[in-house]
Amino acid sequence: MSLITGLSDRYPHLGFDGRPLAIACDDGWLGILHAFFADANKAMAAGGMFTLQRVKEKMGGLTIHYAVADVAPDARRAIDDAYRLATARSFHICESCGRRGRLNNFNGLWKVACSEHADGELGKGVPFEGPSNPDDPYSPEADPFVAVRPTVTEFNAAPIIEGWLIEDQSESGPRSWLFGWFFGQPDISDGEHGHTSPIVQMDEMVPPRWVRTDNRLYRLGIYYPPSEREIRYWVQKLARRPVVHGEPPGGSDDIEAMLIFLRSTGRLRPTKIDRMEQAYRAEQECQKFNRG
Ligand SMILES: [Zn+2]
């Protein structure tokens, strides 16, 4: 069971009210659902009524119950196609984590799982080895949405980005990339700050755990709010040393001490440090508020 929020803003043609949507499946399929909603939203832009009735797991796959009324036949067809695609994808994506998976039988319970979640709280799954349907035109390898997802083995071997931040899309055009401190990346020294190639796909889970870029797959490490991250960035840069793996950028979690250090170096304009400090304080207040 998961809750999805913000659907009415993101998909204005699907008739969502402002309330969170409860779905009877795990978070690993959130990306599949969002892709379905995006296609349906596009098809409904010309008018008509779409009602989402239920989202659940059934016999291991994703089931979406919906009704459409007063729509053109091609819009209805587009939505039905999007639904068939969503179900087909769900049999290749781990319901628990969104990485590559396959249908497993856990003592009579069917569930799509990656190799890690095929041996977890449900016990040890037995992979489904039945015949594939020769009439089924769907191939996960030909579907980039599924094909770019990491397997557990690939995920475990991927370099990691700590303190990652997405470059603002409005400034970098339609494609964005990540900044961060890299570890285990063959072309970058451990603990150096840099940016990735453009993002191909990013984990939809919160917090995200992986990103696929044009060049490679990365695991995503710790995330800092932007203003805190900026202070850490400058401390690290002015201290002129790479980040040690396992230690936070800036050397500690003492942001006050970092602000004192930045002022002591005389390398940044005091007004710049003031601005960073104000933004950091506002960010902290905002987080306190959000935590209630
Ligand atoms: Zn998994």
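What follows draws every value from the coordinates through simple rules; no lab data is involved. Just so you know, these numbers come straight off a predicted model, no measurement behind them. Please note: Cβ atoms are built from the backbone with ideal geometry, for glycine as well, and neighbour counts cover all protein chains shown.
Observations, loosely collected:
- The chain: relative contact order as a whole-number percent, Cα under 8 Å and 6+ apart: 10
- Inter-part distance where the range 77-142 and the range 174-191 are each reduced to a Cα centre, Å: 32
- Residue exposure sequence - L109, L52 - by fewest surrounding Cβ within 10 Å: L109, L52
- Neighbour counts of C-beta atoms inside 10 Å place H65, H34 in the sequence H65, H34, starting with the fewest.
- FRET efficiency for the K42 to V126 pair, using the beta carbon distance and R₀ = 25 Å, is estimated at 0.05.
- Trypsin sites (Lys or Arg not before Pro) lying in DSSP loop within the range 92-195, provided at most 16 other Cβ fall within 10 Å: R175
- GNM flexibility winner over the chain from D168, D135, D203 (Cα, springs under 10 Å): D135
- Working note: Karplus 6.51/-1.76/1.60 with θ = phi - 60° gives the range 174-191 the couplings x, 10, 10, 9, 10, 9, x, 9, 9, 9, x, 8, x, 8, 10, 5, 4, x Hz, where Gly and Pro are set to x.
- Since only V211, S90, A282 are under comparison, the one whose Cα sits farthest along the positive direction of the charge dipole of the chain, derived from C-beta charges on Lys, Arg, Asp and Glu, is A282.
- The relative contact order of the range 70-115 comes to 27 percent, based on Cα pairs under 8 Å that sit 6 or more residues apart.
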